[in-house]
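The values are calculated or read from the model by the stated rules, or taken from the named source; none is laboratory data. Note that the structure is a prediction, hence the values are computed from the model and not measured. Cβ coordinates were reconstructed from backbone atoms using ideal geometry, including for glycine residues, and neighbour counts include every protein chain displayed. Surface areas here come from the heavy atoms of the whole protein model, side chains and all, with no ligands, DNA or RNA. Shrake-Rupley method; radii C 1.70, N 1.55, O 1.52, S 1.80 Å.
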Amino acid sequence: QVQLVESGGGLVQAGGSLRLSCVASGRTFNRHTMGWFRQAPGKERESVGSISRGGTSTDYASSVKGRFTISRDNAKNTVYLQMNSLQPEDTAVYYCAARYGSNCLDCPYDYWGQGTQVTVSS
């Protein structure tokens, strides 16, 4: 079992930046691909990006590519989402998730965090 806790959300003006963190419990963090997802009010959840177990491979949704960066620190059981050039359409609850196995953004994920709210004002 893996428990995930996100932090770092908040209110930011358009053009600003935020860094989200997600801390995982347990000793198998480095066996899990980590993903970030988001859900805006009234919309379906969408993929943001994912990072491989060793951190050498990342994949991003086209809507965030070039603005968002995912990284991880396996020694700290933590994955990060650096978000730059934020826009109002990035407003959503952001979730991290863990998938046992290889990097795959659109595959099923096994464990999910509770989410953290990101609000971008215009």
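List of remarks:
- Within segment 20-49, residues that are in contact (Cβ under 8 Å) with a residue 60 or more places away in the chain and more than 22 Å from LYS65 (Cα to Cα) reach partners that are assigned to a loop (DSSP other than H, G, I, E, B) and of a type in the set (A, V, I, L, M) with beta carbons closer than 6 Å, at six or more positions or on different chains, in the pairs ALA24/VAL2.
- For ALA92: the one exception among (1) open to solvent by less than 30 Å² (accessible area, probe 1.4 Å); (2) touching a residue at least 60 places away in the same chain (Cβ under 8 Å): (2)
- Looking across segment 3-13, just one residue is open to solvent by 50 Å² or more (accessible area, probe 1.4 Å) and either in a loop (DSSP other than H, G, I, E, B) or on the phi > 0 side of the Ramachandran plot (or both), and that is GLN3.
- Scanning segment 99-115 for residues that are under 15 Å from GLU46 (Cα atoms) and either charged (D, E, K, R) or in a strand (DSSP E or B) (or both) yields a count of 2.
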